[in-house]
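Chemist: Structure incoming, see below.
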Amino acid sequence: TKRLAKLPDSFPLKQAATLPTAGMTAWQALFAKDKGNLAHKSNKKVFINGASGGVGSFMVQLAKWAGAEVATTCGSQNLDYVASLGSDYLIDYRRQNINQALLKWAPDGVDLIIDAVSAGSLTEPLTLLKPGGKLVSIATITDDGDFATASAQAKEQGFEHILAIVSDANMAQELEQLVGLAASGEIVFPPIKTYELTQMAEAHKALETGHVRGKLIIKIDKELNE
């Protein structure tokens, strides 16, 4: 039961399927004490690298819900989508230098960076942080970063570089909060693409591109009412 939360009767199952993985990863990366530790209404500046995917989509909304100012990266085709989620400052990673653009927005650095792309996707990310800031990297299928080295370098410079791994210690309570926010409309679900079980390989290949907008889900039972 420590991993379970009750859904309202009218809650769509397809959307519910995005919460335990993408939603919980976003929640814990931002708010867990051993990760982002973002306090509610703390007016912090948060930078989310990779904001158009499933995790990033939830993260932008949750950070705004918590009262943070949010800067984001995404590709040109996703700028309007990420803006609709509440991003205060959009960076097109294909056309802009991320570091230069972010420092224009936050000359003194940001309080928290969440890298939803991979542990090695940003160039010199510690230079983008305020003193005492945190960098949280989310391990992904395309991750090619040397996290151990990066974490040691961060520690030497007075920063924290944390690898976000979902914990089930408070999962039931956290899931309940996520369900409540979604049910009330305070957060909206990312775009969802559904694959049949026989299309698992196709879904995996799409995920490996690193350019999925929103969330991919696998429908296990053809008779299941979404």
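Chemist: Being within 13 Å of the chain's Cα centre (by Cα) and of a type in the set (Lys, Arg) is the filter; apply it to the stretch 27-72 and report the residue that is nearest to ARG213 (Cα to Cα).
Modeler: LYS64
Chemist: OK, next. Just to be sure I understand the filter: pairs with C-beta atoms under 7 Å, separated by 6 or more residues or on different chains, first member in the stretch 110-128 and closer than 13 Å to ILE91 by Cβ, second member buried (at least 24 other Cβ atoms within 10 Å of the Cβ) and of a type in the set (Phe, Trp, Tyr). Which pairs pass?
Modeler: As it stands, the answer is VAL110/PHE47; ILE113/PHE47; LEU128/PHE47, since those pairs meet every condition given.
Chemist: Filter the stretch 102-129 down to residues that are surrounded by 21 or more Cβ atoms within 10 Å (Cβ to Cβ) and among the small types (Gly, Ala, Ser) and give me whichever is modelled with the lowest pLDDT.
Modeler: Top of the filtered list is ALA119.
Chemist: Pairs under 9 Å by beta carbon, first residue under 19 Å from LYS35 (Cβ atoms) and of a type in the set (D, E, K, R) in the stretch 148-161, partner surrounded by fewer than 18 Cβ atoms within 10 Å (Cβ to Cβ) and modelled with pLDDT of 85 or more, six or more apart or different chains?
Modeler: Sorted first by the residue in the stretch 148-161, then by its partner, the pairs are GLU160/GLY132.
Yes/no per residue for (1) of a type in the set (Asp, Glu); (2) modelled with pLDDT of 85 or more; (3) assigned to a loop (DSSP other than H, G, I, E, B); (4) over 18 Å from the mean Cα position of the chain (by Cα):
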{"site": "GLY133", "(1), (2), (3), (4)": "no, yes, no, no"}
{"site": "GLN153", "(1), (2), (3), (4)": "no, no, no, yes"}
{"site": "ALA172", "(1), (2), (3), (4)": "no, yes, no, yes"}
{"site": "VAL179", "(1), (2), (3), (4)": "no, yes, no, no"}
{"site": "GLU186", "(1), (2), (3), (4)": "yes, yes, yes, no"}
{"site": "THR194", "(1), (2), (3), (4)": "no, yes, no, yes"}
{"site": "ALA201", "(1), (2), (3), (4)": "no, yes, no, yes"}
{"site": "LYS215", "(1), (2), (3), (4)": "no, yes, no, no"}
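The values are calculated or read from the model by the stated rules, or taken from the named source; none is laboratory data. No experiment lies behind these values; they were computed from the predicted model shown. A quick note on method: Cβ atoms are made from the backbone with ideal geometry, for glycine too, and the neighbour counts reach across all protein chains shown.
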